[in-house]
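Right, one structure below, let's go through it.
The values are calculated or read from the model by the stated rules, or taken from the named source; none is laboratory data. Since the structure is predicted, the reported quantities are computational estimates derived from the model, not experimental observations. Quick reminder, even Gly has a Cβ in these numbers, built from the backbone with ideal geometry, and neighbours come from all protein chains shown. What goes into the accessible areas is simple: the full protein's heavy atoms, side chains included, and nothing from ligands, DNA or RNA. Shrake-Rupley method; radii C 1.70, N 1.55, O 1.52, S 1.80 Å.
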Amino acid sequence: MTVDELLHLPPLNALSNMNWKVDNLIIPKNWTQGRTVFGGISAAMLYSAIRQKVSDERVLRSYTTNFVGPLSPEVPFSIEVTLLREGKNVSQYIAHATQDGKSCVFVQACFGVARKSDIQVNNQDTHNMPEPVKGKFIPQIPKITPKFLRHFELSINQGGLPFSRKKESIYHGHMRFKKPPAKITDAHIITLIDAWPPTLLQMMKIPAPASTVSWNIEFIHPHKTVSPTDWFAYQAHTRQAADGYGHTEATIWDKDKEVIALSRQTVAVFD
């Protein structure tokens with residue numbers, strides 16, 4: 001299944017005037033990482049479910065995801081959406097993915113309308129990475145490379161391959177979908193951002209499990225319309241790591257080097 005097919009969910013069924021649900025969703029095995037589904041696609045599917053209930057003028061401002069437990073491929077699961085509050089300017093929603101009666105993914109989304117304001121601070125973050133011609137990152141190695149990576153092109157500018165005993169823990173590079181979607185939405189951007197491995201994996205000397213515990217994305221508005229074939233620049237840095245957990249921050253730019261999103265993750269490593 002393509003990313004567009006997965007993100008195009010059936011209409012939600014109303015449970016109440018503030019609660020909706022969709023059942024029998026399935027993600028195929030070619031979107032997995034280890035025993036679970038790729039976190040980027042599950043988070044994006046929950047966003048797509050929420051988006052069905054949000055008016056177009058309210059844009060996504062922040063999106064927080066907690067990966068509670070594994071979401072298995074080829075097994076039906078459900079997404080339930082709840083409107084917490086809709087004010088004049090801001091709407092707050094949560095969504096919950098469950099499978100076989102167990103909690104798998106939980107998200108909270110904040111949407112807000114654009115308002116007239118005299119306060120404006122322009123983002124000055126930039127990068128000097130040249131735009132790649134094609135992807136160059138991790139080859140498809142059976143039982144080693146996560147299957148979901150076949151859907152992406154990643155081009156590394158700085159940082160190392162996972163399990164290569166690097167002393168640094170950063171990733172600089174570019175990303176895009178291998179098969180361009182019909183258009184790029186916030187759901188696609190959520191999916192793309194999570195395609196990169198945790199920065200800490202390159203410091204390991206042998207393959208070992210690692211998983212994102214929590215993930216927050218803040219979307220910068222206004223931003224330009226982007227093309228499905230555009231490269232997005234990505235720079236992630238480890239802020240701290242100890243006791244089997246790491247904290248990373250990332251910045252994402254469009255092709256014109258304008259920041260479109262800020263990302264922060266807490267990652268568990270089992271080395």
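Among the residues of the range 74-94, count how many are among the acidic types (D, E), surrounded by fewer than 17 Cβ atoms within 10 Å (Cβ to Cβ) and assigned to a strand (DSSP E or B). Counting residues in the range 74-94 that are among the acidic types (D, E), surrounded by fewer than 17 Cβ atoms within 10 Å (Cβ to Cβ) and assigned to a strand (DSSP E or B) gives 1.
Every residue in the range 216-271 that is under 21 Å from G40 (Cα atoms) and of a type in the set (G, A, S), please. The answer is S227, A233, A236, G246, A250, A261, S263, A268. Close Cβ contacts (under 9 Å, 6 or more residues apart or on different chains) running from residues in the range 13-27 that are within 11 Å of K53 (Cβ to Cβ) to residues that are among the basic types (K, R) and open to solvent by 30 Å² or more (accessible area, probe 1.4 Å) comprise A14/K21; W20/K53.
Only one of these conditions is not met by I184: (1) of a type in the set (V, I, T); (2) over 15 Å from T229 (Cβ atoms); (3) at pLDDT 85 or above; (4) open to solvent by less than 70 Å² (accessible area, probe 1.4 Å). Which number is it? For I184, the failing item is (2).
Name every residue in the range 163-180 that is among the aromatic types (F, W, Y) and not in a strand (DSSP E or B), in order of residue number. Across the range 163-180, the qualifying residue is only F163.
Among the conditions (1) open to solvent by 40 Å² or more (accessible area, probe 1.4 Å); (2) within 19 Å of the chain's Cα centre (by Cα), L71 misses just one, which is (1).
Could you please find all residues in the range 56-68 being over 16 Å from the mean Cα position of the chain (by Cα) and touching a residue at least 24 places away in the same chain (Cβ under 8 Å)?
Start the filter on the range 56-68 by keeping residues that are over 16 Å from the mean Cα position of the chain (by Cα), which leaves 56-59.
E57, R58, V59 - these are the residues of the range 56-68 that are over 16 Å from the mean Cα position of the chain (by Cα) and touching a residue at least 24 places away in the same chain (Cβ under 8 Å).
Residue-level check: of (1) among the basic types (K, R); (2) open to solvent by 70 Å² or more (accessible area, probe 1.4 Å); (3) in contact (Cβ under 8 Å) with a residue 40 or more places away in the chain, R35 misses just (3).
On inspection, A233 passes the criterion of being touching a Lys or Arg at 6+ places or on another chain (Cβ under 9 Å), under 22 Å from M129 (Cα atoms) and in a strand (DSSP E or B).
To keep it simple, each residue is scored yes or no on (1) at negative phi; (2) surrounded by 13 or more Cβ atoms within 10 Å (Cβ to Cβ); (3) outside any strand (DSSP E or B); (4) in contact with a Phe, Trp or Tyr (Cβ under 9 Å, 6 or more places away or on another chain).
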{"residue": "H96", "(1), (2), (3), (4)": "yes, yes, no, yes"}
{"residue": "C104", "(1), (2), (3), (4)": "yes, yes, no, yes"}
{"residue": "T145", "(1), (2), (3), (4)": "yes, yes, yes, no"}
{"residue": "L161", "(1), (2), (3), (4)": "yes, yes, yes, yes"}
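Contact annotation: residue pairs with Cβ atoms under 6 Å, 6 or more positions apart or on different chains, pairing a residue in the range 256-271 that is more than 30 Å from F163 (Cα to Cα) and outside any strand (DSSP E or B) with a partner that is polar (S, T, N, Q) and open to solvent by 10 Å² or more (accessible area, probe 1.4 Å), are K257/T126. In the range 106-122, the residues that are at negative phi form Cβ pairs under 6 Å with partners that are of a type in the set (S, T, N, Q), at six or more places apart or across chains, as follows: F106/N66; V107/T65; Q108/T64; C110/S62; C110/Q92; F111/S91; G112/N89; V113/N89. G40 passes all but one of (1) of a type outside the set (F, W, Y); (2) part of a helix (DSSP H, G or I); (3) closer than 20 Å to P11 by Cα; which number fails? Among (1) of a type outside the set (F, W, Y); (2) part of a helix (DSSP H, G or I); (3) closer than 20 Å to P11 by Cα, the lone unmet condition for G40 is (3).
For the range 248-271, filtered to residues that are over 30 Å from I206 (Cβ atoms) and of a type in the set (D, E), the residue that is surrounded by the fewest Cβ atoms within 10 Å (Cβ to Cβ) is D256.
Out of all the residues in the range 15-26, is one or more within 25 Å of F152 (Cβ to Cβ) and either small (G, A, S) or open to solvent by less than 40 Å² (accessible area, probe 1.4 Å) (or both)?
yes
Only one of the numbered conditions (1) surrounded by fewer than 20 Cβ atoms within 10 Å (Cβ to Cβ); (2) without any contact (Cβ under 8 Å) to a residue 60 or more places away in the chain is violated by Q202, and that is (1).
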